[in-house]
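Visitor: Take a look at this one; I'll ask things after.
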Amino acid sequence: MKQNQPESLPRPEADWVRKIQKELLTWYDQNRRGLPWRENKDPYRIWVSEIMLQQTRVDTVIPYYEQFVSAFPTVKDLAEAPEDQVIKAWEGLGYYSRARNLHAAAKEVMEQYKGEIPREPEKISRLKGVGSYTAGAILSIAYDLPVPAVDGNVMRVLSRWFAWWEDISKAATRRRMEAVDRELIPAERPGDFNQAMMELGALICTPVSPSCDTCPVRELCQAQAEGLQEELPVKKKGKPPVPMEVTFGWIRRGDQVLLHRRPQGGLLGGMWGLPTIEHWQGSLSLGEALKTSLAELGLKVEPGSILGELEHVFSHRRWYVTVVEALEISGEDLTEDYRWVQESELDNYALPNVYRKAVQLATERQYAAGIQGRLF
DNA sequence: GAAGCGTGGGA
DNA sequence: TTCCCAAGCTT
């Protein structure tokens, strides 16, 4: 069934383009979802929604969005907020560099652009966390500028409309699709047209079992005409997450617990969590690893019982976590990225979900009767 | 160009 | 259970 990739880009005819524009906008006017970021065209709100929606489902985003714009109603409020507060508002949403970049970009908008999100593609794209898609989305939706906003939905739709066999997981494919998409955008309603493309992808032209029966542009779709809608788009499969064994320390000093801030840049970079030791399966015993690791900090602990186990899957990593209880025996002043925290204060920290799960597990079981597994 | 970066939901 | 995601960006 596979076909050869066309060497050249699709060249839609003017008549075809007019039909697509008309049918798609008419359908959008009647079927658009009433989403909270569609209540007005405040560029700041559009911006926040687009960052949150990166690789994240609409249903997941909605409550975060409502709470975020309530806590930070304007770009000025966001820029002036402490970073801890911004990250806390992002807790559980994932891809936390998005929050850091958004915060930094808000500061830049205040300092460089007097609080107004720039209308120039070159300037808005320079903001941290704003790439090609997000720049196009903000400019077209908030400012009605005729620029492409090509996300996964749009690539899927275009791939089917033109029976395009290029791998949409490649960056080069997205750039080519932007070039074609640019020719489809109507001068009068660029923002609505871009949203209509995405809405079609979300509601009708879905990844599996697309609803071609009710598609407003099925007569204009080459994949539908050839029965190829289930074959397209072509997308290279990703690698499965690499399994890792990990130990979390639930280390107590009185009614305090030791937290650790993870190093910037990597997995959960800059986020607080329980002291964490990653090791390949079978490389070290849990207690030895924990004790050795903390000893390097000048902290002596006596490992106790295993409080429990949990599994957590990231995009590229699978953690098999063992939560180990330990009591501090003696310690000196720790570095800045370690902090003793009252158990009752843990809720004030922005903990990624994997650590939130571990804290819940530990607090439930630390007083449970019986030693499940003595380490020494 | 490819890899790294979270999470929860549905098939 | 396992897989594939869902309105991508950065390095």
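The values are calculated or read from the model by the stated rules, or taken from the named source; none is laboratory data. Keep in mind that this is a model prediction, so the values were computed, not measured. Neighbour counts are summed over all protein chains in view; Cβ atoms, including those assigned to glycine, are modelled from backbone coordinates with ideal geometry.
Visitor: Does the stretch A:133-143 contain at least one residue that is under 18 Å from A:P10 (Cβ atoms), hydrophobic (A, V, I, L, M, F, W, C) and modelled with pLDDT of 95 or more? First the steps, then the outcome.
Guide: Step one: list which residues in the stretch A:133-143 are under 18 Å from A:P10 (Cβ atoms), which gives none.
Checked against the condition, which is being under 18 Å from A:P10 (Cβ atoms), hydrophobic (A, V, I, L, M, F, W, C) and modelled with pLDDT of 95 or more, the stretch A:133-143 yields no hits at all.
Visitor: Okay, moving on. Inspect all residues belonging to the stretch A:144-166 and state whether any of them is more than 26 Å from A:R218 (Cα to Cα) and under 22 Å from the mean Cα position of the chain (by Cα).
Guide: No, every residue in the stretch A:144-166 fails to be more than 26 Å from A:R218 (Cα to Cα) and under 22 Å from the mean Cα position of the chain (by Cα).
Visitor: Every residue in the stretch A:217-247 that is surrounded by 13 or more Cβ atoms within 10 Å (Cβ to Cβ), farther than 24 Å from A:R174 by Cα and away from DNA strand B (no atom under 13 Å from the Cβ), please.
Guide: Passing the criteria: A:P243, A:E245, A:T247.
Visitor: Let me ask something else about it. Report every pair of residues separated by at least 6 positions or lying on different chains whose Cβ atoms are under 6 Å apart, first residue within the stretch A:234-255 and assigned to a strand (DSSP E or B), second more than 13 Å from DNA strand B (Cβ to nearest atom) and small (G, A, S).
Guide: Cβ pairs passing all conditions: A:T247/A:A289; A:G249/A:A326; A:W250/A:A362; A:I251/A:A326.
Let's see how each residue does on (1) of a type in the set (K, R); (2) at positive phi; (3) within 12 Å of DNA strand C (Cβ to nearest atom):
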{"position": "A:R11", "(1), (2), (3)": "yes, no, no"}
{"position": "A:A14", "(1), (2), (3)": "no, no, no"}
{"position": "A:W37", "(1), (2), (3)": "no, no, yes"}
{"position": "A:R57", "(1), (2), (3)": "yes, no, yes"}
{"position": "A:P73", "(1), (2), (3)": "no, no, no"}
{"position": "A:K76", "(1), (2), (3)": "yes, no, no"}
{"position": "A:A89", "(1), (2), (3)": "no, no, no"}
{"position": "A:A99", "(1), (2), (3)": "no, no, no"}
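Visitor: Something else now. Give the number of residues within the stretch A:217-260 that are among the polar types (S, T, N, Q) and under 19 Å from A:Y355 (Cα atoms).
Guide: Here the count works out to 2.
Visitor: OK, next. Looking only at the stretch A:327-345, which residues are closer than 23 Å to A:L267 by Cβ and crowded, with 17+ Cβ neighbours inside 10 Å?
Guide: Across the stretch A:327-345, the qualifying residue is only A:Y338.
Visitor: Of all residues in the stretch A:23-59, count the ones that are touching a Lys or Arg at 6+ places or on another chain (Cβ under 6 Å) and within 16 Å of DNA strand B (Cβ to nearest atom).
Guide: 1
Visitor: Considering only the stretch A:314-337, how many residues are under 20 Å from A:H279 (Cβ atoms) and either at pLDDT below 90 or part of a strand (DSSP E or B) (or both)?
Guide: 10
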